[in-house]
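Take a look at the structure set out below.
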Amino acid sequence: MSDQLRAAASSPAEGLAAPYDALLLLSFGGPEGPDDVVPFLENVTRGRGIPRERLKEVGQHYFGFGGVSPINGQNRELLDALRKDFAEHGLDLPVYWGNRNWAPYLTDVMREMAADGRRRIAVLATSAYASYSGCRQYRENLADALAALVEEGVAELPKVDKLRHYFNHPGFVQPMIDGVLAALETLPQGVRAGAHLAFTTHSIPTAAADTSGPVEEHTAGGAGGAYVKQHLDVAQVIADAVRAETGTELPWELVYQSRSGAPHIPWLEPDICDHLEALHEAGAPAVVMVPIGFVSDHMEVLYDLDTEATAKAAELGLPIARSATVGADPRFAAAVRELVLERAAAERGEPVERCALGLLGPGHDLCAVGCCPARGPRPAAAGVDSPYA
């Protein structure tokens, strides 16, 4: 940790956030009642020509939970945790929240921030890894919001800077390590020592995975680019920590969930349910599902893991547990504060030590040209090629 971050942890941080005058929590969004489900899915799939009847079928996942996605409530909890942490450390930085697909919509929040006089905004996306949907698309959303403000005649446009990927920040990883240890304790004692760890993340098309991250990290043939490499690095860190704590080296694999889209398009595999079947056939005594690809327990976790995968394990007679996501853990809130302060110091031209576990090191501040390339020619903010420098 740098001298600046050590000071922030022990003394008031007034001035250390300069040039930033606000933090924006940027997320996916989700329905908050049955009447919201189909309009929300229309927002998510806009431009893909999916019939409304098909959206109603897909919406059954949400209707099974009362039509409410947990993601908005979890973002509110994270907002509270961030504001509490900032206040406790003397960091006078207001925190706003905007979504891609549901209220509070990003453009509305950006309009509010501009009206409040916010001129330099740090942005935390609720996606920790490199990919088009987890990074570039959020940058496109920011550019769309800024373009809307220009059309509305906003005189002074705020500048936005997206904080670096935090998949390997200690404040993100350590809660997941503790979650695995706690999940292991819920398994029958006789199967714990042989339990397999299934590290799960959202499957994406292999073509998108191969072009994730900077150009020099792009791969071919489904190798997965930075997206897969980053997940594998975090999984290894967690597995090593669990071995150090328990004295037992548990076998593990990176697997995928929540696939969607046309069946003829290759996506990252194996799927978690297929993986459970393979483990059962191989004689694995138990499995802990570790959702490292998700910040909180939103719908993909509650349905695809807690419902579908858990039902598959029960069908197989395979003991299973699921570890917790990071959510609003105070250590994650503290990590966000560190990310803000390190970026602020860098923007002021000061040297700063960046926290990172594993072999890959800390991520970049600015996305280069060709990083997680767009599906089409759309401008993106908060990168080298941003039209809103």
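Pairs, please: C-beta under 7 Å, at least 6 apart or cross-chain, first residue touching a residue at least 24 places away in the same chain (Cβ under 8 Å) and in a loop (DSSP other than H, G, I, E, B) and in the range 97-117, second among the aromatic types (Phe, Trp, Tyr) and open to solvent by 40 Å² or more (accessible area, probe 1.4 Å)? Every condition considered, the pairs that remain are ARG100/PHE28; ASN101/PHE28. Exactly one residue among ALA7, ALA13, ALA81 is aliphatic (A, V, I, L, M) and either closer than 24 Å to ALA381 by Cβ or modelled with pLDDT of 95 or more (or both), and that residue is ALA81. When the range 39-74 is examined, which residues are found to be aliphatic (A, V, I, L, M), in contact with a helix residue (DSSP H, G or I) (Cβ under 8 Å, 6 or more places away or on another chain) and closer than 23 Å to VAL109 by Cα? Once the filter is applied, which keeps residues that are aliphatic (A, V, I, L, M), in contact with a helix residue (DSSP H, G or I) (Cβ under 8 Å, 6 or more places away or on another chain) and closer than 23 Å to VAL109 by Cα, the range 39-74 yields LEU41, VAL68, ILE71.
Cβ-Cβ contacts under 7 Å between residues 6 or more apart (or on different chains), taken from a first residue in the range 247-259 that is more than 13 Å from PRO291 (Cα to Cα) to a second residue that is of a type in the set (Ser, Thr, Tyr) and open to solvent by less than 50 Å² (accessible area, probe 1.4 Å), are listed as ARG259/SER203. Looking across the range 227-282, the residues that are open to solvent by less than 50 Å² (accessible area, probe 1.4 Å), assigned to a loop (DSSP other than H, G, I, E, B) and not hydroxyl-bearing (Ser, Thr, Tyr) come down to LEU250, ALA262, LEU268, PRO270. Sub-7 Å Cβ pairs linking a first residue in the range 156-167 that is farther than 16 Å from ARG343 by Cα to a second residue that is open to solvent by 10 Å² or more (accessible area, probe 1.4 Å) and modelled with pLDDT under 95, at least 6 apart or interchain, are LEU157/TYR388, ordered by first then second residue. Is it true that PRO330 is at pLDDT 95 or above, of a type outside the set (Val, Ile, Thr) and in contact with a strand residue (DSSP E or B) (Cβ under 7 Å, 6 or more places away or on another chain)? Taking the combined requirement at face value, the residue does not satisfy it.
Residues of the range 359-374 that are at negative phi and exposed (fewer than 13 other Cβ atoms within 10 Å of the Cβ): LEU359, VAL369. Annotation note: of PRO291, PRO330, the sole residue that is surrounded by fewer than 17 Cβ atoms within 10 Å (Cβ to Cβ) and closer than 18 Å to ASN168 by Cα is PRO330. With respect to being modelled with pLDDT of 95 or more, more than 20 Å from VAL58 (Cβ to Cβ), in contact with a strand residue (DSSP E or B) (Cβ under 9 Å, 6 or more places away or on another chain) and part of a loop (DSSP other than H, G, I, E, B), ALA314 falls outside the description.
A Cβ distance below 8 Å, combined with a sequence gap of six or more or placement on separate chains, defines the contacts here; from the range 363-376, residues that are within 9 Å of VAL215 (Cβ to Cβ) reach residues that are in a loop (DSSP other than H, G, I, E, B) and open to solvent by less than 30 Å² (accessible area, probe 1.4 Å) in the pairs ALA368/PRO214; GLY370/PRO214; CYS371/ALA130; CYS371/GLY213; CYS371/PRO214.
For the range 317-335, does any single residue satisfy the condition of being among the charged types (D, E, K, R), without any contact (Cβ under 8 Å) to a residue 24 or more places away in the chain and not in a loop (DSSP other than H, G, I, E, B)? No: zero hits.
Considering LEU197, LEU184, the condition of being touching a Lys or Arg at 6+ places or on another chain (Cβ under 9 Å) and outside any loop (DSSP other than H, G, I, E, B) is satisfied by LEU184 alone.
Residue check: is ASP178 at pLDDT 95 or above, assigned to a strand (DSSP E or B) and either more than 20 Å from ALA309 (Cβ to Cβ) or not acidic (Asp, Glu) (or both)? Spelling it out, it is not the case that ASP178 is at pLDDT 95 or above, assigned to a strand (DSSP E or B) and either more than 20 Å from ALA309 (Cβ to Cβ) or not acidic (Asp, Glu) (or both).
Kindly indicate the residue of the range 163-203 that is more than 27 Å from ARG331 (Cβ to Cβ) and either in contact with a Ser or Thr (Cβ under 6 Å, 6 or more places away or on another chain) or of a type in the set (Ser, Thr, Tyr) (or both) and also least open to solvent (accessible area, probe 1.4 Å) among those meeting that condition. Here the answer is SER203.
The values are calculated or read from the model by the stated rules, or taken from the named source; none is laboratory data. Only a predicted model underlies this, so the values are computations on that prediction, with no experimental measurement involved. So basically every Cβ, Gly included, is an ideal-geometry build from the backbone, and we count neighbours across all protein chains shown. SASA here: full protein model, heavy atoms, side chains in, ligands and nucleic acids out. Shrake-Rupley method; radii C 1.70, N 1.55, O 1.52, S 1.80 Å.
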